[in-house]
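Just so you know, all these numbers are worked out from the coordinates, no wet-lab data involved. Fair warning: this is a prediction, and the values are worked out from it, not measured in the lab. Here the Cβ positions follow ideal geometry from the backbone for every residue, glycine too, while neighbour counts run over all protein chains shown.
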Amino acid sequence: MVLDKAVLKEVQKLKKDCIVLSHNYQIPEIQDAADFTGDSLGLCIEAQKVDKPYIMFAGVDFMAESAAMLNPEKTVIVPDLEAHCPMAAMLPAKTIEKAREEHPDAAVVLYINTRIEARALADVMCTSANAIKIVKALPEKKILFGPDINLTWHVHRHVKDKEIIAVPDTGHCITHGRIFSEEDVKRTRKEHPEAELLIHPECLPAVQMMADYICSTEQMVKRARDSSAEEFIIGTEVGMLYRLEREFPDKKFYPLNEKAVCRTMKMNTWEKFVTQLREKKNVVRIDERIAEKARKSLERMLELSV
Ligand code: 13P
Ligand code: SF4
């Protein structure tokens, strides 16, 4: 998309009192306008450093809510208030309450892709980048983990000495968990035999088993930097390819499946982004009583991540 130069100049002016944080799946124009682009963990860490009154968060609801929780005195705005991650809706708070009753000796570890009411019931949050580390760090031998069944499988594969119970046992990402298949891996491996295959842990176990590396989106950037390989097949949402191509113009990146588009992430258009930078009307509002509890599990994650 060719952008109007006057609008780009206006965006720079509007950013005087506003930090722009963007997830790796956002459209190229938003990634380019951002002060920081990264994965869920990196965005949480970055949100803690903000020294301006406004945060424009281009991602989905649970990410913007994390930024709001970590910055109660700041105003968090988003391009579209309806950008809800469908996986987060798969774990209602009452499911955790029930699981806790059934397993009173278990710690509750929730993936950050979770609604705020559910997060308030967690002992600690995690992201795809630190899930294994967080589960290992806890003293409990029994873990209730949710909502992503595929990430649960990934954690269990690396933490054999703990009982890990999926809550619920059906939660998944409709982009990673339904689109990517073993056939995609066979086809792209054949097309690009020299390429390394990087897979997000939200993918099905059968797909994860075929990966060279399983990593969060930001860990994909690190792997592309550290690896001597010059080509990579990318098993995550297609927005990731722009980030990688921008960072490493001399390396080649191929989508595992070009249909892997997260509709929710792509609700954030350039037009909505600019409008909200101007008007600042789409404010993320969270119930402070719930946020107080949810903040604790998020802060515990950040403590255990260092
Ligand atoms: P990352 O934290 O790895 O960027 O993943 C976020 C996400 O929603 C993946 O679908
Ligand atoms: Fe949610 Fe999947 Fe979209 Fe990530 S890619 S925001 S998990 S629906």
Hey, any hits in segment 2-13 for a residue that's surrounded by 14 or more Cβ atoms within 10 Å (Cβ to Cβ) and either within 12 Å of ligand 1 (Cβ to nearest atom) or among the polar types (S, T, N, Q) (or both)? no
Could you run through segment 158-174 and say how many residues are part of a loop (DSSP other than H, G, I, E, B), hydrophobic (A, V, I, L, M, F, W, C) and more than 16 Å from ligand 1 (Cβ to nearest atom)? 2
Yes or no: ARG119 among the basic types (Lys, Arg) and under 17 Å from the mean Cα position of the chain (by Cα)? yes
Considering only segment 83-103, I want to know if a residue exists there that is assigned to a strand (DSSP E or B) and among the aliphatic types (A, V, I, L, M). no
Picking from LYS266, LYS259, which residue would you name as being out of contact with any Cys (no Cβ under 8 Å at 6 or more places or on another chain), in contact (Cβ under 8 Å) with a residue 40 or more places away in the chain, part of a loop (DSSP other than H, G, I, E, B) and farther than 14 Å from MET56 by Cα? LYS259
In a helix (DSSP H, G or I), in contact (Cβ under 8 Å) with a residue 60 or more places away in the chain and under 24 Å from THR127 (Cβ atoms) - does that describe any residue in segment 275-287? no
